[in-house]
Amino acid sequence: MSNKINKKRFIIAIIILILILIGIIYILKGITQALTSTKKAKPGVITINNTEFTRFMYKTKKLKEGENVYILKSVTKNNKKYYKIKYKLSVGLIPEENVYFFDKTEKTEYSLMSDVSSFDYISGRFKTQGEYEIYLLKNKIKYVYIRAAGRGNTIGKIYYDDEFEMFRNACEYLKIPYGYYFVDEAINNTEAEEEADIVIDFLNKNKTPMNKLPFVIDLEYTSGKESRTSNIESQRGEIIKIITDKLNKANIETLIYANAKKANSNLMNLNQKFWVAYYPNEGKIPTEWLSKYKTQEIANNLQSMSKVIAWQFTEKGAPNDNINQKVDLSIVLTKEFEKYR
C-alpha cells in the first residue's frame with residue numbers, strides 16, 4: 001500500500017516539476033521577447049485588419065490596420081514569407097505582404113513630399129496616426145512638412161496647429177525626415193520679429209530627432225481675396241528677411257514657400273532656397289521638373305530656377321497615380337534633400 005502511495009506521489013511531483021519548468025520557460029520566453037532590441041529593426045505598419053500574429057508558446061493575436069510593429073528580419077516557413085516582428089512586448093511572425101515599411105534605399109531624381117495641417121485631420125483624411133503612416137508608406141513619401149503655427153490674415157492673431165503632434169509622431173516612428181512651417185502674415189518689422197521669436201520658442205519646445213528639414217516661412221497667396229499682406233507685396237521680401245536673418249542667427253536653416261508667380265516677382269532677390277506652388281496638372285505626379293513649364297514666368301528665369309528645390313504641384317492629391325486623398329503634394333530635388341536623411 002505504501003509503495004503505491006509513494007509511486008503516486010512521485011508521479012504527481014514529476015508532473016508538478018514539469019509544469020513548473022513549463023511556467024519558467026514561458027516566463028523566460030516572455031522576458032526575452034520583452035527585452036528584444038528594436039534598435040536595428042525597421043519600423044513598419046500593419047496594412048490589413050485581422051493580420052495573424054503568431055507567437056511561440058502564446059495564442060495567435062489578430063492585429064489591426066495601422067498598428068505599429070518593428071520588423072526584425074525576414075523568415076521563410078512552409079514556403080511562405082514572413083517577417084519576424086516585435087509588437088509591443090511580444091515577438092512573433094506576420095505574413096510579409098501585410099506590412100509596409102519605409103524604404104530608404106530607393107533613389108530617384110525627384111522625391112515625393114507631403115505637407116499637412118490640422119485641416120487634414122478635421123476633414124477626416126487622416127483620423128489616426130496609423131492612417132497617416134500607411135498613407136506615407138504606401139505612396140513612398142520621403143519627406144514631410146507639418147504646420148506649426150501661423151498668423152491670421154484678418155486681425156493678425158497668432159495661432160498654433162492643434163494636430164501637429166500626431167503627424168510629427170508618425171514621422172518619428174517611421175524615421176522620415178520632417179520640418180515645420182509657419183504661415184506668415186507679418187506687415188511690419190515688429191510683427192516679423194515676433195514671428196521669428198515664436199518659431200524659435202516652438203522649436204526649442206518641440207524639436208525631435210527626425211526634425212531635420214529647414215524651417216519654412218509660408219507666404220500664402222490668396223488669389224482674388226484681400227489679406228493683411230495684399231498692400232505690401234513690394235516690401236514683403238524686406239520683412240521676410242528680418243525673420244530669416246533672426247532664425248539663421250539662431251542656427252535655424254530656412255526655406256521660403258510661395259506661389260510661383262509671387263516668388264518670381266517679389267522675393268527671388270533674397271539669398272534663400274525656395275519651395276514654390278504651381279499646379280499645371282493636378283491629377284498626376286510630374287515626371288519632369290518645373291523648368292519645363294515655360295508658360296510659368298519663373299520657369300524662364302534661370303537665376304530664379306537655380307533657387308527652387310521643391311515644387312508643390314497639387315493640393316488635390318494625384319488620383320492618376322492612385323493618391324486619392326485630396327492632399328498637398330510636392331516633388332523635391334533628391335540631391336538637395338537626401339542630406340537630411
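The values are calculated or read from the model by the stated rules, or taken from the named source; none is laboratory data. In this text, all values refer to a predicted model and were calculated from it rather than measured experimentally. As a convention, Cβ positions derive from the backbone with ideal geometry for all residues, glycine included, and neighbour counts pool all protein chains shown. Note: accessible area is taken over every heavy atom of the protein model, side chains too, but ligands, DNA and RNA are not part of it. Shrake-Rupley method; radii C 1.70, N 1.55, O 1.52, S 1.80 Å.
Some values worked out for this structure:
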read-out	value
Set Leu247, Leu255, Leu329: member being part of a helix (DSSP H, G or I), closer than 26 Å to Ser118 by Cα and at pLDDT 95 or above	Leu247
Odd one out for Leu19 among (1) under 30 Å from Gln129 (Cα atoms); (2) open to solvent by 90 Å² or more (accessible area, probe 1.4 Å)	(1)
Condition broken by Asp321, with the remaining ones in (1) surrounded by 19 or more Cβ atoms within 10 Å (Cβ to Cβ); (2) more than 30 Å from Ile187 (Cβ to Cβ) satisfied	(1)
Filter result for Thr314 (within 26 Å of Tyr135 (Cα to Cα), exposed (fewer than 15 other Cβ atoms within 10 Å of the Cβ) and hydroxyl-bearing (Ser, Thr, Tyr))	no
Boolean, Thr208 is without any contact (Cβ under 8 Å) to a residue 24 or more places away in the chain and either in contact with a helix residue (DSSP H, G or I) (Cβ under 8 Å, 6 or more places away or on another chain) or not charged (D, E, K, R) (or both)	no
Any hit, the range 277-288, residues being open to solvent by less than 40 Å² (accessible area, probe 1.4 Å) and free of Cβ contacts under 8 Å to residues at least 24 places away in the same chain	no
Top-ranked residue of the range 38-85 - restricted to ones that are of a type in the set (Val, Ile, Thr) and under 19 Å from Tyr135 (Cα atoms), ranked as nearest to the chain's Cα centre (by Cα)	Val45
Residues of the range 302-311 classified as in a helix (DSSP H, G or I) and open to solvent by 10 Å² or more (accessible area, probe 1.4 Å), total	3
Residue pairs meeting the criteria (Cβ under 6 Å; at least 6 apart or on separate chains; first within 19 Å of Asp115 (Cβ to Cβ), in the range 149-168; second open to solvent by less than 40 Å² (accessible area, probe 1.4 Å) and part of a loop (DSSP other than H, G, I, E, B))	Arg151/Glu185; Asn153/Glu185; Asn153/Ser227; Asp161/Ser117
Complete set of residues in the range 28-55 that are open to solvent by 40 Å² or more (accessible area, probe 1.4 Å) and in contact (Cβ under 8 Å) with a residue 60 or more places away in the chain	Lys42
Selection status of Lys88, under 23 Å from the mean Cα position of the chain (by Cα) and free of Cβ contacts under 8 Å to residues at least 60 places away in the same chain	yes
Of the criteria (1) of a type outside the set (Asp, Glu); (2) under 23 Å from Cys171 (Cα atoms); (3) not in a loop (DSSP other than H, G, I, E, B), which one Ala299 fails	(2)
Output for the range 181-197, where each listed residue is buried (at least 17 other Cβ atoms within 10 Å of the Cβ) and either out of contact with any Phe, Trp or Tyr (no Cβ under 7 Å at 6 or more places or on another chain) or not charged (D, E, K, R) (or both)	Tyr181, Phe182, Val183, Asp184, Glu185, Ala186, Ile187, Glu191, Ala192, Ala196
Test for Ile146: is it open to solvent by less than 20 Å² (accessible area, probe 1.4 Å), farther than 19 Å from Asn324 by Cβ and either touching a residue at least 60 places away in the same chain (Cβ under 8 Å) or within 15 Å of the chain's Cα centre (by Cα) (or both)	yes
